[in-house]
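I have placed the structure first, in the form of structure tokens, so that the comments after it can refer back to it.
The values are calculated or read from the model by the stated rules, or taken from the named source; none is laboratory data. Note that this is a predicted model, so its numbers are computed, not measured. With ideal geometry, Cβ positions are generated from the backbone for all residues, glycine too; neighbour counts draw on all protein chains shown.
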Ligand SMILES: Cc1ncc(COP(=O)(O)O)c(C=O)c1O
């Protein structure tokens, strides 16, 4: 279980000195910024477009239950999780808003969905009847489900050509009600005039053809939603009735192709990083030129150096690829990561950090006062995406929710 606490000065907690600070004002501010962005005053809509906050994967590492609670208070309309288990954790924390289980269910999980009022995504026609049977057994009526359509990602969802089959199965259901229809975009961040850049439009066309077909068959598709972070930022034509931000909520625009477009979207939709990952220095020593540091001696001092040990390793979320490549920030100074990242610690070159001492706080990414050290820069430097990096913050790292 992720430990979660609300205290005003997280650096003062007693325990192994590595922790994540989660800024609740930044989280709520990002949600509001997204909501405003997808509801431009120039557009006349009968009701505002909704936001489904993606909180799967322990809310991208930020702590699923605490983040969902905070986002519900900040007005999130819906939540998206990967599994019934994740949904139950959020319900147990007291969240009452509707929760969509994006991954649907595995046989046996139906009763958990029903008991905790979770809405499963149906991504194969036959799941509908299995769920109907479970709902009938528990004598539940009007049990919500949403339909996931595979419009070209070839991952999960019924194919557009299966709309007729779905409608036939739905007609047999007396306990289940379709409340929404959605699809997931495979390459919404690609904005080039290429086949990949045109894939989103193709997916949109297939999605609309599917919802049109359902309507022609007498099935109301319910609330429709398509857009992930990249599509929210860059493609208003995908916004439909509701949007599903993940990365944006946590403060990061995805990488776009072409890369320069990110600056444009960061200016149009400014966000604040929500999580800061920090650890203290627990040892500082001097080594002579020629001495090696860490496993396999992959770093050798070229000059007499001061080496600090920071109390965070790959089991805490310091990506192992940062060895001999990444940096951390100590009192505004840059300290390079030396040698191979260990499970519990990393070594730093603090030769150029004046007076670096045991107890100093190092920031891996996030904010430090007015300074911002974006996690997407760290992620890019090791060839991954921000969501992967931030989701990797270890379970043993306490999260502190800063009001
Ligand atoms: C179905 C679905 N919708 C939305 C998202 C959010 O994606 P992003 O973090 O790019 O906003 C995800 C994340 O993987 C997803 O699987």
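In the range 201-227, the residue that is nearest to the ligand (Cβ to nearest atom) out of those that are within 29 Å of residue 376 (Cα to Cα), crowded, with 19+ Cβ neighbours inside 10 Å and more than 19 Å from the chain's Cα centre (by Cα) is 203. Note on the range 310-341: residues that are out of contact with any helix residue (DSSP H, G or I) (no Cβ under 7 Å at 6 or more places or on another chain) and under 17 Å from residue 397 (Cα atoms) amount to 8. Applying the set (1) modelled with pLDDT of 95 or more; (2) under 24 Å from the mean Cα position of the chain (by Cα); (3) under 19 Å from residue 273 (Cα atoms) to residue 368 leaves exactly one unmet item: (1). State which residue is farthest from residue 63 (Cα to Cα) when the search covers only the range 325-345 and only residues that are in contact with a strand residue (DSSP E or B) (Cβ under 6 Å, 6 or more places away or on another chain) and in a loop (DSSP other than H, G, I, E, B). Of everything passing the filter in the range 325-345, 339 is farthest from residue 63 (Cα to Cα). Being over 20 Å from residue 67 (Cβ atoms) and either near the ligand (Cβ under 8 Å from one of its atoms) or touching a residue at least 60 places away in the same chain (Cβ under 8 Å) (or both): is that true of residue 230 here? So residue 230 passes the test. Please find, within the range 163-184, the residue that is nearest to the ligand (Cβ to nearest atom) out of those that are surrounded by 22 or more Cβ atoms within 10 Å (Cβ to Cβ) and over 11 Å from residue 224 (Cα atoms). Here the answer is 184.
Suppose we filter 366, 394, 383 for residues that are within 25 Å of residue 27 (Cβ to Cβ), in contact with a helix residue (DSSP H, G or I) (Cβ under 8 Å, 6 or more places away or on another chain) and in a loop (DSSP other than H, G, I, E, B); which single one remains? Selected residue: 394, the only one of 366, 394, 383 that is within 25 Å of residue 27 (Cβ to Cβ), in contact with a helix residue (DSSP H, G or I) (Cβ under 8 Å, 6 or more places away or on another chain) and in a loop (DSSP other than H, G, I, E, B). Test residue 248 against the criterion of being in a helix (DSSP H, G or I), under 30 Å from residue 64 (Cα atoms) and modelled with pLDDT of 95 or more, and give yes or no. Yes: the conditions hold for residue 248. Could you grab me the full set of residues in the range 233-244 that are within 14 Å of the ligand (Cβ to nearest atom) and either in contact with a strand residue (DSSP E or B) (Cβ under 9 Å, 6 or more places away or on another chain) or more than 11 Å from residue 189 (Cα to Cα) (or both)? Listed by number, the residues that qualify are 238, 239, 240, 242, 243, 244. Entry remark, the range 97-121: residues being within 19 Å of residue 243 (Cα to Cα) and away from the ligand (no atom under 16 Å from the Cβ) number 1 in total. Filtered by the rule that a residue be farther than 23 Å from residue 22 by Cβ and away from the ligand (no atom under 13 Å from the Cβ), the range 246-278 gives 257, 258, 259, 260, 261, 262, 263, 264, 267, 268.
Identify all residues within the range 60-89 that are within 14 Å of the ligand (Cβ to nearest atom) and assigned to a loop (DSSP other than H, G, I, E, B); write none if there are none. Correct list: 61, 62, 76, 82, 83.
Tell me, please, whether a residue that is part of a loop (DSSP other than H, G, I, E, B) and within 16 Å of the ligand (Cβ to nearest atom) can be found in the range 279-301.
Checked the range 279-301: no residue is part of a loop (DSSP other than H, G, I, E, B) and within 16 Å of the ligand (Cβ to nearest atom).
Restricting attention to the range 39-59, the residues that are within 12 Å of the chain's Cα centre (by Cα) and part of a loop (DSSP other than H, G, I, E, B) total 1.
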